[in-house]
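The values are calculated or read from the model by the stated rules, or taken from the named source; none is laboratory data. The structure presented is a predicted model; accordingly, all values stated were derived computationally and were not measured. Every residue, glycine among them, receives a Cβ derived from its backbone with ideal geometry; neighbour counts consider all protein chains shown.
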Amino acid sequence: MTDDERLGRKRSFSLLRCCSRALKRVKDATSAFLSARASVSIANARQTPEVIGDPVDLASVPNARQTPETTNDPPSATNARQTLEVRQPHGTFLAANKGAFAWRNPAGGVITWGLRSYGGDSSAVRYCLKDVQQIQASDRAFAAILADGNVVTWGDPEYGADSREVQDRLRGVQQIQATSCSFAAILQDGSVVTWGSPDHGGDSDQVRGRLKNVVKIQATVGGGFAALRADGLVVAWGNPDAGGSCKKVQGLLKGVKQIQATENAFAALLSDGRVVTWGDRNFGGDSRSVQPQLKDVQHLQATTYTFAALLRDGSVVPWSDENLGGDHRSVRHLKTVCQIQAKTKDEMVTITTVSFLLLPSLTLLP
């Protein structure tokens with residue numbers, strides 16, 4: 001064996017050892033939340049976009065990176081909207097987009113792995129990610145709320161990772177929501193700051209004057225935002241084909257107490273038990289066929305394509321595509337339901353919504 005061959009062989013073994021160490025770190029980070037799988041809850045997983053292109057290949061994952069840890073007790077995190085968020089004991093949770101993961105550890109630091117262009121490498125902001133309270137994800141970027149109310153973003157700039165233009169306004173942030181390419185943050189004073197793709201909700205200048213006293217924001221993957229104000233009014237912006245415009249039903253949106261979102265449509269529950277919908281009709285934006293039944297509604301739930309309403313009498317009314325959970329004939333026999341929950345099929349970060357989980361009420365006998 002020549003000297004060049006021996007040197008090449010030595011370099012190959014060295015490379016294999018480096019890869020082995022990197023994979024071990026990824027495995028350790030992943031097992032940290034999988035070990036608590038029995039106690040986890042999937043928060044809003046129905047909203048996570050489907051994987052387009054190459055999925056995450058753990059064999060090609062770069063070295064997992066961990067931010068400096070702090071000793072403060074981590075508070076609970078707010079449910080992520082367009083994120084597969086797996087909650088665990090001690091305040092840890094996992095957020096994911098189409099090609100990367102972000103894990104918030106018990107000390108408030110963040111470990112990321114996956115495709116670099118999707119936010120799998122957070123080394124550029126690692127020293128900023130301390131005391132993280134919430135992580136939200138667009139298709140290729142992450143946004144984290146810190147304990148002091150500031151926001152840190154990383155990933156693909158075209159998908160909301162570049163927040164420099166609004167960074168001076170991101171103070172006292174309470175909640176963040178995301179479409180596929182943009183983010184919206186509720187500040188402590190009830191105002192809203194947006195950034196990312198203008199066509200997908202990143203530009204809210206036209207409605208900024210109405211974005212006051214906002215208490216909740218919902219978002220569609222297709223690029224629409226809907227903000228619920230304290231006075232029960234709704235403000236929508238973004239892609240009009242995905243619920244970003246509610247002009248046709250604006251006069252009906254009064255006394256709103258809950259908003260739910262499919263991938264491209266919104267449904268609002270009014271205080272009098274009625275329901276108002278807008279957005280893509282193929283995603284539940286048109287509820288005219290079931291409007292006579294939508295009375296005394298107590299709760300709304302949504303999958304990727306379909307909405308379902310729980311009525312006061314315990315019956316359930318779904319609407320949208322009949323093959324994707326919207327066939328009301330299949331739930332006619334349900335008369336004593338007390339809770340409905342969207343059920344999804346989860347394959348890594350690919351979410352395919354198929355049906356609803358219905359919990360019947362229980363009668364306790366003496």
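Some observations on this one:
Residue by residue, here is whether (1) touching a Pro at 6+ places or on another chain (Cβ under 9 Å); (2) not hydrophobic (A, V, I, L, M, F, W, C) holds:
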site	(1), (2)
GLY114	yes, yes
GLY119	no, yes
ALA124	no, no
ALA137	no, no
ARG140	no, yes
GLY160	no, yes
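- Filter result (among the polar types (S, T, N, Q) and outside any loop (DSSP other than H, G, I, E, B)) within region 129-151: GLN133, GLN134, GLN136
- Scanning region 114-125 for residues that are buried (at least 20 other Cβ atoms within 10 Å of the Cβ) and within 25 Å of ASP148 (Cα to Cα) gives GLY119, GLY120, ASP121, SER122.
- Here the condition is being modelled with pLDDT of 95 or more, within 22 Å of VAL207 (Cα to Cα) and surrounded by fewer than 21 Cβ atoms within 10 Å (Cβ to Cβ); of GLY255, GLY273, GLY279, it holds for GLY255 alone.
- Within region 295-323, being surrounded by fewer than 22 Cβ atoms within 10 Å (Cβ to Cβ) and in a loop (DSSP other than H, G, I, E, B) holds for LYS295, ASP296, ARG312, ASP313, GLY314, SER315, ASP321.
- Residue in region 289-304 that is farther than 14 Å from ALA236 by Cα, touching a residue at least 40 places away in the same chain (Cβ under 8 Å), in contact with a strand residue (DSSP E or B) (Cβ under 8 Å, 6 or more places away or on another chain) and of a type in the set (Ser, Thr, Tyr) present: yes
- Residues that are among the β-branched types (Val, Ile, Thr) and within 16 Å of ILE186 (Cα to Cα) within region 113-170 comprise ILE135, ILE145, VAL151, VAL152, THR153, VAL166, listed in sequence order.
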